[in-house]
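The values are calculated or read from the model by the stated rules, or taken from the named source; none is laboratory data. Predicted, not measured: the structure shown is a model, and the values here were computed from it. All Cβ positions, glycine included, derive from the backbone under ideal geometry; neighbour counts span all protein chains shown. Please note that ligands, DNA and RNA were not included when accessible areas were found on the heavy atoms of the full protein model with its side chains. Shrake-Rupley method; radii C 1.70, N 1.55, O 1.52, S 1.80 Å.
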Amino acid sequence: MDADMDESRLRPLLAGRVVLLGASNVARGISTILETAELVWGQPLDALIACGHGRSYGAASRLLGRSLPGILECGLWDELARRPALPTAALVTDVGNDILYGASVARIAAWVDQCLARLGDVCQMVVITELPMQRIALITPRQYGLWQRLLFPGSQVTFDDAMARVDELNECLRELARRHGATLCVQPRAWYGLDPIHIRRADWSQAWHEILASWTGHPSAQRARGSWRRWLRLRAQRPLVRSLFGIEQRRAQPSCALRSGTLVSLF
């Protein structure tokens with residue numbers, strides 16, 4: 001089914017819009033997140049998503065030969081301004097990668113602040129997740145070194161420096177949520193296993209339900225059931241622009257339409 005044809009047919013039926021900003025947790029859980037968003041915010045939706053493993057909020061990021069622009073600089077914002085007004089809710093999560101890239105807390109907070117200011121112009125509800133402080137507090141220097149080499153091989157940020165920045169950044173997120181009138185969601189230890197930064201797959205349905213329920217305050221009793229077919233399809237989609245081993249690739253958006261009619265645009 002052609003994405004452009006789906007867009008022209010489905011756009012008049014859209015119940016609302018969601019803007020999802022994040023990194024690997026959004027990329028990994030994208031199918032569950034969208035299903036949960038439909039349960040909470042209605043369907044079909046116009047979903048604008050900026051995510052990706054190792055994604056930075058303000059700088060270009062590179063992982064395994066794939067490069068993406070910073071969330072603040074990606075094409076999502078121009079597209080959001082162009083599209084017709086709809087009831088809109090947003091998620092701001094995975095604010096932590098930039099610590100390992102060596103960005104100062106002040107710079108990271110400024111990037112998130114700008115994203116929240118832009119969202120505030122069009123969104124009725126915004127939810128921000130805190131860093132997973134309860135799980136991060138259990139990380140040992142040895143574990144930190146292992147995850148740093150595995151996920152951020154070029155990082156030179158020491159364990160002590162990273163832990164200090166985590167505490168400071170989390171306080172900044174609380175202040176930004178207060179200033180912008182956003183809902184702040186605390187991530188409990190129970191959502192995380194040995195991996196200290198990724199929500200466990202077994203907890204995706206519950207976790208994203210609790211996070212996105214803040215959009216309405218009256219969450220559906222239903223939980224996302226998940227779909228491997230939908231997950232594989234969404235993971236195969238390409239964003240508006242990326243670089244793969246130095247070769248720029250572009251993809252018109254929306255990238256695809258789900259069976260529910262939800263339009264998915266990736267940036």
Heavy atoms of F245 accessible to a 1.4 Å probe, total area in Å² rounded to 10: 150 Å²
Of R235, R83, R62, the one that fluctuates the most in a GNM where the chain has Cα springs shorter than 10 Å: R83
GNM top mover of H209, H180, H218 - the chain, alpha-carbon springs below 10 Å: H218
Residue-level accessible surface for C74, protein heavy atoms, 1.4 Å, Å²: 10 Å²
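Charges only on Cβ, +1 for Lys and Arg, -1 for Asp and Glu: so what's the dipole of the chain about the Cα centre, in debye to the nearest 20?
Values: 32 positive and 25 negative charges, 168 e Å.
Once rounded to the nearest 20, the dipole reads 800 debye.
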Residue with peak Gaussian network fluctuation, the chain [Cα springs, cutoff 10 Å], from A137, A110, A177: A137
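Kindly identify the stretch 122-267 as rounded, prolate or oblate by the Cα gyration tensor criterion: order the square roots of the eigenvalues as a ≥ b ≥ c, call it rounded if a/c is under 1.5, otherwise compare a/b with b/c, prolate if a/b is larger, else oblate.
Verdict is oblate for the stretch 122-267.
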Estimated vicinal HN-Hα couplings, Hz - the stretch 116-122 in sequence order (Karplus 6.51, -1.76, 1.60; Gly, Pro = x): 5, 5, 5, 5, x, 6, 10
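Counting only protein heavy atoms and a 1.4 Å probe, tell me what percentage of the chain's accessible area is made up of carbon and sulfur.
54 percent
Counting pairs of alpha carbon atoms under 8 Å apart in space and at least six apart in sequence, what relative contact order in percent does the chain give?
Details: 471 pairs, mean separation 75.8, N = 267.
Result for the chain is 28 percent.
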In sequence order, calculated HN-Hα J values of the stretch 137-142 (Karplus, 6.51, -1.76, 1.60; Hz; x Gly/Pro): 4, 8, 6, 9, x, 5
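For the chain, give me the percentage of DSSP beta bridges that are antiparallel, rounded to the nearest 5 percent. Please list the in-between numbers first.
On the way: 11 of 33 bridges.
Percentage antiparallel, nearest 5: 35.
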Among (1) 1.14; (2) 0.94; (3) 1.02, the entry derived from the coordinates for Rg/Rh (Cα atoms, Kirkwood Rh): (2)
For the chain: accessible area per residue (Å², 1.4 Å): 46 Å²
From phi via Karplus (6.51, -1.76, 1.60), per-residue ³J(HN,Hα) for the stretch 22-32 in Hz, x at Gly/Pro: x, 10, 6, 5, 6, 4, 5, x, 4, 5, 5
